[in-house]
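Undergrad: Below are the structure tokens for one structure; questions will follow.
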Ligand code: 1CP
């Protein structure tokens, strides 16, 4: 059985598989070289040869247990014909959203637009399976995608003032997103993804009274769908105020925690397998400190099914030597 399945399905506590959020791209010199020659990020994601190469770069370097496919959560609005640009030093910028036209897009149009993502998953998963390692497919959660699609750029600290003004529009978009997220998940699994992670990066922006509508209900629908395809699903509702309640209502197979939440509280209160937690900024300090912080998480979760990972994506300025040291620390534990 693959390492992530041992922990998530068999609840094994004697191993700690490790992978790193945003491990593909961002900080590796060999990625930066490819990126320099490919200024259009979406086009790069749709070049299946290069995207599988980028996906495997960290696997070649480090003793990681899983590959996460080099793509983006914003492939959904892109596949639905909303313009998506990535501006240097600014982040994503999305075009205007026309729900009328968007509603006319069918499954075939959508899959045709982003099929190189599935081709990349297919070749990556062949390689990973031969090594008895996992291939992680992913999607953005409906709430986080709604944020980008309506806000049209990163919300940073909050969404635009009139964000919630048009309830009818919001509900139509949520339904549409749910439909195409299921299609995207199904195609990733059919092409070899053996774990699905759902990123709700902006869960922390909502008030608790809004969790049922924008987080619990739409995410539960997706989680149930992934389960129906017999693949484990990991949820990352970043900075949600109540991970326990989330875990009990949405019932993912595993939950990723952010670095602001107390891991000891999590290990006591949450029964399902846990992933992640370490602050990516620790990788910018020194090895002694990195070891101390890494052992803290490993000690706290020593009797809990636990996958080692960070509490958010690795930072672009991270030194690959520190990543190597981190993985060695986990493997030697
Ligand atoms: O390991 C990997 O890098 C795998 C591929 C991957 C994943 C899993 C990328 C490539 N993006 C993502 C997920 C993603 N994309 C999330 C969820 C995780 C998270 O919170 O980090 C989010 C919110 C996005 C949206 C996005 N795409 C942003 C964030 C902007 C913001 O609002 O702060 C950015 C900067 C991107 C572009 C992007 N996606 C991926 C890469 C390597 C890049 C940088 C592109 C570049 O080189 O300019």
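Undergrad: Within the range 90-108, count every residue that is within 16 Å of the ligand (Cβ to nearest atom) and either surrounded by fewer than 11 Cβ atoms within 10 Å (Cβ to Cβ) or part of a helix (DSSP H, G or I) (or both).
TA: Selection size over the range 90-108: 1.
Undergrad: Of everything in the range 46-78, what is assigned to a loop (DSSP other than H, G, I, E, B) and under 28 Å from residue 109 (Cβ atoms)? Give them in sequence order.
TA: Matches in the range 46-78: 46, 47, 69, 70, 71, 72, 73, 74.
Undergrad: Could you list, in sequence order, all residues of the range 23-39 that are at pLDDT 95 or above, surrounded by fewer than 18 Cβ atoms within 10 Å (Cβ to Cβ) and in a loop (DSSP other than H, G, I, E, B)?
TA: The answer is 38, and nothing else.
Yes/no matrix, rows are residues, columns are (1) on the phi > 0 side of the Ramachandran plot; (2) surrounded by 15 or more Cβ atoms within 10 Å (Cβ to Cβ); (3) in a helix (DSSP H, G or I):
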site	(1), (2), (3)
264	no, no, yes
267	no, yes, yes
282	no, yes, yes
317	no, no, no
331	no, yes, yes
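Undergrad: List the number of the failed condition for residue 5; all other conditions in (1) farther than 26 Å from residue 143 by Cα; (2) in a loop (DSSP other than H, G, I, E, B) hold.
TA: (2)
Undergrad: Take the residues in the range 147-176 that are in contact with a strand residue (DSSP E or B) (Cβ under 9 Å, 6 or more places away or on another chain) and in contact (Cβ under 8 Å) with a residue 60 or more places away in the chain; name whichever of them is nearest to the ligand (Cβ to nearest atom).
TA: Going through the qualifying residues, I end up with 154.
Undergrad: So residue 12 ticks every box in (1) in a loop (DSSP other than H, G, I, E, B); (2) within 8 Å of the ligand (Cβ to nearest atom) but one. Which box is left unticked?
TA: Result: residue 12 fails condition (2) only.
Undergrad: Also, I was wondering about something else. Just checking, how many residues over the range 58-72 are surrounded by fewer than 21 Cβ atoms within 10 Å (Cβ to Cβ) and within 10 Å of the ligand (Cβ to nearest atom)?
TA: The total comes to 1.
Undergrad: Could I ask something else about it? Confirm whether residue 85 is more than 17 Å from the chain's Cα centre (by Cα), more than 9 Å from the ligand (Cβ to nearest atom) and part of a strand (DSSP E or B). Break it down stepwise before answering.
TA: Values: more than 17 Å from the chain's Cα centre (by Cα): yes; more than 9 Å from the ligand (Cβ to nearest atom): yes; part of a strand (DSSP E or B): yes.
Yes: the conditions hold for residue 85.
Undergrad: Give 111, 117, 124 a once-over and let me know the one that is away from the ligand (no atom under 16 Å from the Cβ) and not in a loop (DSSP other than H, G, I, E, B).
TA: The unique qualifying residue is 111.
The values are calculated or read from the model by the stated rules, or taken from the named source; none is laboratory data. These numbers were taken from a predicted model, which means no experiment stands behind them. Cβ coordinates were reconstructed from backbone atoms using ideal geometry, including for glycine residues, and neighbour counts include every protein chain displayed.
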